[in-house]
1. Could you tell me whether segment 30-40 includes any residue that is assigned to a loop (DSSP other than H, G, I, E, B) and touching a residue at least 24 places away in the same chain (Cβ under 8 Å)?
2. Assess whether ILE102 counts as being modelled with pLDDT of 75 or more, part of a helix (DSSP H, G or I), under 31 Å from the mean Cα position of the chain (by Cα) and closer than 30 Å to THR173 by Cα.
3. So which of LEU115, LEU164, LEU130 ends up being buried (at least 17 other Cβ atoms within 10 Å of the Cβ), closer than 23 Å to ILE25 by Cβ and not aromatic (Phe, Trp, Tyr)?
4. Just to be sure I understand the filter: pairs with C-beta atoms under 9 Å, separated by 6 or more residues or on different chains, first member in segment 98-114 and more than 15 Å from ASN71 (Cα to Cα), second member surrounded by 14 or more Cβ atoms within 10 Å (Cβ to Cβ) and among the aromatic types (Phe, Trp, Tyr). Which pairs pass?
5. Could you count how many residues in segment 57-68 are of a type in the set (A, V, I, L, M) and either touching a His at 6+ places or on another chain (Cβ under 9 Å) or surrounded by 15 or more Cβ atoms within 10 Å (Cβ to Cβ) (or both)?
6. Go through segment 32-90 and give me each residue that's under 30 Å from THR156 (Cβ atoms) and modelled with pLDDT under 70.
7. Against the condition out of contact with any strand residue (DSSP E or B) (no Cβ under 7 Å at 6 or more places or on another chain), surrounded by 19 or more Cβ atoms within 10 Å (Cβ to Cβ), under 24 Å from LEU164 (Cα atoms) and at pLDDT below 95, how does THR137 come out, does it pass?
Amino acid sequence: MVISPFLVSGFTLLVGLVGLIIVLIAVKGLSDHYKEASIFNNSLYGVLLGIVGVVVFVAALFVTALSFFTNVLGIELSTAWSDPTAFSNINWTEAIVFDNLIPHLAALVGSLAILFIFVVVAAIFSRNSLTTLAEKTGVGLFGTAGLLLLIGSVLTIIVVGFLLIWVAYILLTVAFFRIRAEPTQPPPMTPS
């Protein structure tokens with residue numbers, strides 16, 4: 001999850017997804033170890049809400065683009081695939097008028113707002129999970145990572161939020177390495 005923003009190949013999404021799955025497996029193991037189901041449940045809810053938010057956002061973008069092509073440009077997408085001259089026959093000065101673009105820009109802003117709400121709620125669940133994990137493990141970096149994740153998700157409106165989310169992932173990685181195994185107790189001695 002930390003290195004996926006720096007990959008330039010098509011594997012960026014795949015590497016991030018694999019990292020997310022590994023973190024979920026680790027959180028599930030810690031949740032079972034500490035017998036605290038809310039650790040994993042909150043993480044899972046956060047991930048699911050994030051995925052649902054992205055799916056809703058992509059669907060809204062698709063519908064907005066479809067509406068833009070059919071209503072503003074006058075192109076039926078079924079014919080656009082078979083007729084390569086469909087885009088060259090458009091009078092762009094008449095098609096791109098501000099009054100025609102307002103509903104589509106509003107739909108774009110609305111879909112971004114929906115994505116933002118889903119991301120913030122997902123970050124709240126993730127923060128709750130990481131705060132509980134910090135209490136159980138005694139590693140305060142889990143709580144710090146959760147707080148930075150929440151602040152970063154709120155600040156994604158301005159671009160600095162993405163940097164904070166990335167820093168939260170780094171702190172989460174360090175926090176997992178700071179967990180110490182509990183010392184094993186020697187078996188009780190039986191009197192002879």
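1. The answer is yes, given that some residue of segment 30-40 is assigned to a loop (DSSP other than H, G, I, E, B) and touching a residue at least 24 places away in the same chain (Cβ under 8 Å).
2. Details: modelled with pLDDT of 75 or more: yes; part of a helix (DSSP H, G or I): yes; under 31 Å from the mean Cα position of the chain (by Cα): yes; closer than 30 Å to THR173 by Cα: no.
For ILE102, the condition - modelled with pLDDT of 75 or more, part of a helix (DSSP H, G or I), under 31 Å from the mean Cα position of the chain (by Cα) and closer than 30 Å to THR173 by Cα - is not met.
3. Only one candidate passes the filter, namely LEU130.
4. SER111/PHE57; LEU112/PHE57; ILE114/PHE57
5. As a first pass, look at segment 57-68 and keep what is of a type in the set (A, V, I, L, M): 58-61, 63, 65-66.
Narrowing further to those that are either touching a His at 6+ places or on another chain (Cβ under 9 Å) or surrounded by 15 or more Cβ atoms within 10 Å (Cβ to Cβ) (or both): 60-61, 65.
Result for segment 57-68: 3.
6. The one that is under 30 Å from THR156 (Cβ atoms) and modelled with pLDDT under 70: VAL72.
7. Working: out of contact with any strand residue (DSSP E or B) (no Cβ under 7 Å at 6 or more places or on another chain): yes; surrounded by 19 or more Cβ atoms within 10 Å (Cβ to Cβ): yes; under 24 Å from LEU164 (Cα atoms): yes; at pLDDT below 95: yes.
Spelling it out, THR137 is indeed out of contact with any strand residue (DSSP E or B) (no Cβ under 7 Å at 6 or more places or on another chain), surrounded by 19 or more Cβ atoms within 10 Å (Cβ to Cβ), under 24 Å from LEU164 (Cα atoms) and at pLDDT below 95.
The values are calculated or read from the model by the stated rules, or taken from the named source; none is laboratory data. Small disclaimer: the values here were computed from a predicted structure and weren't measured. So basically every Cβ, Gly included, is an ideal-geometry build from the backbone, and we count neighbours across all protein chains shown.
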